[in-house]
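Here's the structure, in structure tokens; my notes come after.
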């Protein structure tokens, strides 16, 4: 298991219920693959530095996790195809 920090941005125009469901779905990918979520930090709505796909705002979430490579690959795959996820970034934290 390695330690990672993941930041993802959700579409600002999604409803609260859909946003919560998307967050739970993304976190479930990690826990289903025997990973653990150490910390969840929801930054909330933030302005973008530049427009992304005609959007100027997004809902930011940062999580710190312990997971294996399979969980990270699956999280990356699902984040790319989920229409509610605008951008995501996965960073391995070295010890």
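The values are calculated or read from the model by the stated rules, or taken from the named source; none is laboratory data. All of these numbers come straight from a predicted model, not from anything done at the bench. All Cβ positions, glycine included, derive from the backbone under ideal geometry; neighbour counts span all protein chains shown.
In table form, for the structure just shown:
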{"read-out": "Residues of region 75-95 satisfying the condition of being more than 13 Å from residue 4 (Cα to Cα), more than 12 Å from the chain's Cα centre (by Cα) and either surrounded by 15 or more Cβ atoms within 10 Å (Cβ to Cβ) or modelled with pLDDT under 95 (or both)", "value": "83"}
{"read-out": "Qualifying position, being in contact (Cβ under 8 Å) with a residue 40 or more places away in the chain and in contact with a helix residue (DSSP H, G or I) (Cβ under 7 Å, 6 or more places away or on another chain), among 78, 93, 72", "value": "78"}
{"read-out": "Scan of region 10-30 for residues that are surrounded by 14 or more Cβ atoms within 10 Å (Cβ to Cβ) and out of contact with any helix residue (DSSP H, G or I) (no Cβ under 6 Å at 6 or more places or on another chain), ordered by number", "value": "11, 12, 14, 19, 22, 23, 26, 27"}
{"read-out": "Per-region count, region 25-47, residues more than 16 Å from the chain's Cα centre (by Cα) and free of Cβ contacts under 8 Å to residues at least 24 places away in the same chain", "value": "1"}
